[in-house]
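One structure is given below, encoded as structure tokens.
The values are calculated or read from the model by the stated rules, or taken from the named source; none is laboratory data. Remember, it's a predicted structure, so these values are computed and weren't measured experimentally. Positions of Cβ are generated from backbone atoms using ideal geometry, with glycine treated the same way; all protein chains shown enter the neighbour counts. All accessible areas refer to the heavy atoms of the entire protein, side chains included, with ligands and DNA or RNA removed. Shrake-Rupley method; radii C 1.70, N 1.55, O 1.52, S 1.80 Å.
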Amino acid sequence: MAERQSIHGQWSSRLIFILAATGSAVGLGNVWKFPYITGENGGGAFVIIYLLCIAVVGIPIMMAEIMLGRRGRQSPINTMTALSEEEGASREWSLVGWSGVLAGFLILSYYSVIAGWALAYVVRAASGVFEGVDAGGVQSLFNGLVGDPERLMAWHTLFMLMTMFVVAKGVKAGLEKAVTYLMPALFVLLVVLVGYAMNTGYFIQGLDFLFTPDFYKLLHSCEVVDGLEQCEVSGSPILVAMGHAFFTLSLGMGAIMVYGSYMPKKSSIAGSAILIGLLDTLVALVAGMAIFPIVFANGLEPGAGPGLIFQTLPIAFGAMPGGQFFGTLFFVLLVFAAWSSAISLIEPAVAWLVENREMTRIRAAVWLGLVTWILGLGTVFSFNIWSDFKIFDKTFFDLLDYLTANIMLPLGGLLIALFSGWLMKKESSKDEFAMRPMAYQVWWNLIRYISPFAVIVVFLHAIGII
């Protein structure tokens with residue numbers, strides 16, 4: 001088969017691809033979600049299960065998605081259409097591409113609103129608003145932000161403009177330049193924050209919490225009743241670890257597939273996927289190393305839930321020496337993480353419009369950005385004027401989050417695994433991977449049996465069946 005070429009260009013090097021794919025994977029989930037779900041689920045034991053899930057579920061499916069993207073060299077929709085024909089499979093497999101593109105588009109519509117919160121908090125931290133503030137004050141600030149549709153709309157608009165600007169400039173001038181600066185800056189900011197955490201006096205306690213396993217807490221669900229802690233056997237934290245390992249790598253949403261289509265032919269898919277998984281995990285762990293010492297130093301609760309970043313840490317930043325500076329750095333870090341992910345969420349749809357509707361990248365980015373912005377207004381209003389409007393007992397935001405995270409992404413990842421492991425000829429995947437026979441056989445067994453089983457379990461847990 002003659003090698004296909006992407007009309008969009010390709011990454012200058014394997015390193016740029018790794019930075020771009022890591023940027024897609026590293027997002028709010030690493031800096032915002034991973035610390036609080038670790039806090040809720042037993043610390044170090046949860047981390048061990050999470051790492052195992054990254055290795056046996058996340059990385060094999062990521063390798064498959066990169067492989068499909070590089071072999072197809074088009075948007076996910078056109079890639080799956082072309083590869084289905086090439087492998088003698090039904091053209092209906094193009095639905096995998098459609099599902100991924102749609103999921104990325106829907107996720108960006110609400111992701112942009114949450115990223116807007118981070119932008120707003122950069123300004124608040126820099127202006128010293130958090131100085132000396134108590135829990136009630138932080139709660140009031142947060143409620144004032146999400147309860148004001150005009151302010152939320154303004155921050156949502158600014159973040160979408162930032163995203164559209166990068167995507168409109170193309171692969172080399174836009175995406176490549178953005179990740180070349182954003183990812184190193186993100187790592188530097190994390191290291192600076194860890195340096196601060198080391199001087200809180202609680203750094204060792206934070207490390208113990210993050211890396212010392214407590215398998216009792218992992219296997220038991222505990223709650224305080226009448227002042228006493230009551231626990232019962234539960235496998236839920238293990239399923240949470242499996243689910244987060246899958247979602248944190250940006251699998252099933254078309255982003256990794258389209259980035260793979262820009263990957264140089266000679267680059268190692270397996271080596272790149274392993275390194276991306278390691279970097280993504282490293283960011284999550286280092287974020288925990290930065291956050292937990294600050295949490296413990298200020299007597300806060302590590303399992304504070306989703307409010308840990310926006311409603312708990314500002315109290316710490318307001319009380320600590322240099323809190324104005326380090327608080328600003330932290331929320332800038334959060335914005336960078338969100339920005340690098342956002343550009344990958346809209347890229348698959350932009351690529352499809354350029355390929356199929358003969359649009360320029362600028363026009364495609366503007367149109368998609370506008371539609372995404374309009375859809376994002378539903379999330380903006382979910383926190384205020386539409387807060388009482390429910391569909392299936394969920395707000396507009398909750399419904400989008402549930403539909404994408406619990407249904408579309410697991411199904412997308414499962415179908416990628418099934419197509420790569422069961423429908424694609426061994427010769428085709430071997431040609432792309434160029435791996436040693438034993439290493440290829442390990443991937444082959446994981447993608448055919450272990451990964452699909454694990455994703456099915458996560459899916460059934462997410463929709464409440466198990």
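Kindly indicate the residue of segment 434-444 that is surrounded by fewer than 19 Cβ atoms within 10 Å (Cβ to Cβ) and touching a residue at least 40 places away in the same chain (Cβ under 8 Å) and also farthest from I54 (Cα to Cα) among those meeting that condition.
It comes out as A434.
Could you go through segment 372-380 and let me know if any residue there is hydroxyl-bearing (S, T, Y), closer than 28 Å to E65 by Cα and in contact with a Ser or Thr (Cβ under 9 Å, 6 or more places away or on another chain).
There is at least one residue in segment 372-380 that is hydroxyl-bearing (S, T, Y), closer than 28 Å to E65 by Cα and in contact with a Ser or Thr (Cβ under 9 Å, 6 or more places away or on another chain).
So that you can scan it fast, the table gives a plain yes or no per residue for (1) open to solvent by less than 10 Å² (accessible area, probe 1.4 Å); (2) out of contact with any Cys (no Cβ under 9 Å at 6 or more places or on another chain); (3) closer than 22 Å to T372 by Cβ:
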{"residue": "A115", "(1), (2), (3)": "yes, yes, yes"}
{"residue": "G128", "(1), (2), (3)": "no, yes, no"}
{"residue": "V133", "(1), (2), (3)": "no, yes, no"}
{"residue": "V146", "(1), (2), (3)": "no, yes, yes"}
{"residue": "L161", "(1), (2), (3)": "no, yes, yes"}
{"residue": "V167", "(1), (2), (3)": "yes, yes, yes"}
{"residue": "Y181", "(1), (2), (3)": "no, yes, no"}
{"residue": "A185", "(1), (2), (3)": "no, yes, no"}
{"residue": "L193", "(1), (2), (3)": "yes, yes, no"}
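Among the residues that make up segment 18-25, is at least one of them over 19 Å from G252 (Cβ atoms) and assigned to a helix (DSSP H, G or I)?
Checking segment 18-25: at least one residue is over 19 Å from G252 (Cβ atoms) and assigned to a helix (DSSP H, G or I).
Any residue in segment 402-418 that is free of Cβ contacts under 8 Å to residues at least 60 places away in the same chain and at positive phi?
no
Among the candidates G195, G206, which residue alone is touching a residue at least 12 places away in the same chain (Cβ under 8 Å) and either over 26 Å from the mean Cα position of the chain (by Cα) or in a helix (DSSP H, G or I) (or both)? First the steps, then the outcome.
On the way: G195 fails: touching a residue at least 12 places away in the same chain (Cβ under 8 Å).
Exactly one of G195, G206 is touching a residue at least 12 places away in the same chain (Cβ under 8 Å) and either over 26 Å from the mean Cα position of the chain (by Cα) or in a helix (DSSP H, G or I) (or both), namely G206.
Just checking, how many residues over segment 255-304 are assigned to a helix (DSSP H, G or I), closer than 28 Å to G39 by Cβ and of a type in the set (S, T, N, Q)?
Residues that pass the stated criteria total 1.
For segment 101-113, give me each residue that is among the aromatic types (F, W, Y), out of contact with any Pro (no Cβ under 9 Å at 6 or more places or on another chain) and surrounded by fewer than 21 Cβ atoms within 10 Å (Cβ to Cβ). First the steps, then the outcome.
Taking segment 101-113 and keeping what is among the aromatic types (F, W, Y), we get 105, 110-111.
From what is left, the residues that are out of contact with any Pro (no Cβ under 9 Å at 6 or more places or on another chain) are 110-111.
Answer for segment 101-113, where residues must be among the aromatic types (F, W, Y), out of contact with any Pro (no Cβ under 9 Å at 6 or more places or on another chain) and surrounded by fewer than 21 Cβ atoms within 10 Å (Cβ to Cβ): there is none.
Which pairs do you get when a residue that is within 18 Å of A255 (Cβ to Cβ) and in a helix (DSSP H, G or I), found in segment 167-187, comes within reach of a residue that is among the aromatic types (F, W, Y) and open to solvent by less than 10 Å² (accessible area, probe 1.4 Å), reach meaning Cβ atoms under 7 angstrom, with the pair 6+ apart or on two chains?
V171/Y262; E176/W11
Please note which helices (runs of 4 or more DSSP H) are completely contained in segment 354-451 and include at least 3 residues that are under 20 Å from the mean Cα position of the chain (by Cα) and within 23 Å of S272 (Cα to Cα).
Output list reads 409-418.
Just to be sure before I move on: is E65 modelled with pLDDT under 95 and among the acidic types (D, E) in the structure I sent?
Here the answer is no, as E65 does not meet what is asked.
Among the listed residues L275, L228, identify the single one that is among the hydrophobic types (A, V, I, L, M, F, W, C) and modelled with pLDDT of 90 or more. Break it down stepwise before answering.
Working: L228 fails: modelled with pLDDT of 90 or more.
Exactly one residue qualifies, and that residue is L275.
What do you reckon, is K430 over 20 Å from L52 (Cα atoms), open to solvent by 50 Å² or more (accessible area, probe 1.4 Å), in contact (Cβ under 8 Å) with a residue 40 or more places away in the chain and not hydrophobic (A, V, I, L, M, F, W, C)?
So K430 does not fit the description; no.
In segment 247-254, is there at least one residue being over 27 Å from V138 (Cα atoms), in contact (Cβ under 8 Å) with a residue 60 or more places away in the chain and in a helix (DSSP H, G or I)?
Yes, that holds for at least one residue.
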